[in-house]
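Undergrad: This structure is in structure tokens; I'll ask about it shortly.
Bear in mind these aren't lab numbers, they're just calculated from the coordinates by the rules spelled out. Since we're looking at a predicted model, the values are computed, not measured. A quick note on method: Cβ atoms are made from the backbone with ideal geometry, for glycine too, and the neighbour counts reach across all protein chains shown.
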Ligand code: NAD
Ligand code: DAU
């Protein structure tokens, strides 16, 4: 093994696709997946790679500094790809401190361990995975670029913005080699069914209401998760030091149009009469501080690294629905236990 890469949050939605991307494509790397397995982490997401000789799982909480220190000393990683986070905006509204602990303190713990382990920075890299939500909300026109000013509104996006600032500060102050990626909304297999697309797939299967916050005109830019994993691979290996890259699908949808499209595809795949699933759409009270529109300008990553999405939204959505239809056991398991549907508690009228 010629390189050890530590990937945090590898049992989660995006992290599991990133772990797979690296384990399969880099057999000469040792991939260490560091995850505390919160409600959102699930090792079943990695069942196909868990026996690979270049893969190791470590159940460690990134807020636990002594455990992290021991882990860094034992594995001595040259690269860190940091995805572990509390990721759901609605949960951040009810429990902001959990987001400060993992997203801010946990990130600084990792930066500190990297700083103390790395005597020289040759061949080292700390890749921080961030979000377009740090840029705040767009009006009707325009796109987020890498130069857009940070303007977070939710406790989640404020915690991610804070962690981005710490990552940059460790470069500017200590010279730590870093790179940051800010991505738009992901969708695809293994997405926890509290987020809009998997929640609606799950509810359609159970004939439950499809909750649409506010008037449903909020807009998001959707990217297939495997295309995000490919982008992370490129930026980790070839991105410029101390730089940031926006990643997005050039694929904007209002929530209501997206859910209607999902209903249409679900009816076809389930052999239900057209319009059956749409009748489940239920408008509910809005999310507080709801950002009206996100959209990414992905010109830089395309021009510098040649990245572009590999699937259309129709293809990606169809593959995603097929995955959920073939993995109903997964859906059942992850929705038992600690999982709660926060919208019921906070937003239903
Ligand atoms: P997720 O909630 O599905 O997974 C998060 C993972 O982190 C889980 O496996 C969880 O067990 C782990 N984790 C949480 N707290 C931890 C802790 N204290 N110590 C160790 N592990 C911990 O999240 P996701 O949607 O896959 O997002 C991954 C990253 O990508 C996050 O940093 C998120 O901010 C960012 N991101 C997500 C999206 C999106 O659309 N989902 C878009 C852009 C950026
Ligand atoms: O933009 C990137 C971000 O995308 C990531 O950083 C976050 O980790 C990820 O969770 C996601 O955040 P959103 O808040 O955009 O995703 P969510 O799926 O929660 O909501 C998408 C849109 O759908 C948003 O406008 C809120 C709305 N919504 C959501 C849910 C769960 C509804 O109308 N009804 C719902 O039940």
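Undergrad: Using the Cα atoms as the points, what is the convex hull volume per residue of the range 219-287 in Å³? All intermediate terms of the calculation are to be shown ahead of the outcome.
TA: Working: hull volume 8.0 nm³, N = 69.
Spelled out: Cα convex hull of the range 219-287, divided by residues, is 116 Å³.
Undergrad: What's the exposure ranking of 104, 89, going from fewest to most Cβ atoms within 10 Å?
TA: 104, 89
Undergrad: When the distances between all Cα atoms of the chain are binned every 20 Å from zero, what whole-number percent does each bin get?
TA: Per 20 Å bin, starting at zero, the Cα-Cα P(r) for the chain comes out as 31, 60, 9, 0 percent.
Undergrad: Based on the mean of other beta carbon atoms within 10 Å per residue, what is the order of 23-30, 314-321, most packed first?
TA: 314-321, 23-30
Undergrad: Separate question: Which percentage, to the nearest 5, of the DSSP beta bridges contained in the range 191-349 is antiparallel?
TA: 40
Undergrad: Something else now. Based on other C-beta atoms within 10 Å, arrange 266, 1 from fewest to most.
TA: 1, 266
Undergrad: Turning to a different aspect of this structure: Antiparallel DSSP bridges in the chain: what percent, to the nearest 5?
TA: 5
Undergrad: In which sequence would 19, 32 go, from the one with the fewest C-beta neighbours within 10 Å to the one with the most?
TA: On the way: 19 30, 32 23.
Final ranking by Cβ density, sparse to dense: 32, 19.
Undergrad: Per the helix-only calculation at 222 nm, which mean residue ellipticity applies to the chain, given -39500 (n - 2.57) for every DSSP H run of n ≥ 4 and division by its residues, nearest 500 deg cm²/dmol?
TA: Values: 13 runs with 138 residues, N = 349.
For the chain, the value works out to -12000 deg cm²/dmol.
Undergrad: In Å, what is the Rg of the alpha-carbon atoms in the range 169-317, and how long is Dmax?
TA: Values for the range 169-317 (Cα only, Rg and Dmax): 18.0, 61 Å.
Undergrad: Computed FRET efficiency, Cβ-Cβ of residue 283 and residue 119, R0 45 Å: what is it to the nearest 0.05?
TA: Approximately 0.20, to the nearest 0.05.
Undergrad: What share of all Cα pairs of the range 97-189, in percent, falls into each consecutive 10 Å distance bin?
TA: Result, from short to long distances: 15, 44, 30, 10, 1 percent.
Undergrad: So, how do all the Cα-to-Cα distances of the range 46-100 break down into 10 Å bins, in percent, from 0 on up?
TA: The distribution over the range 46-100 is 17, 39, 32, 12, 0, given as percents.
Undergrad: In a Gaussian network model over the chain where Cα atoms closer than 10 Å are linked, find which of 216, 106, 249 has the largest mean-square fluctuation.
TA: Top of the fluctuation ranking is 216.
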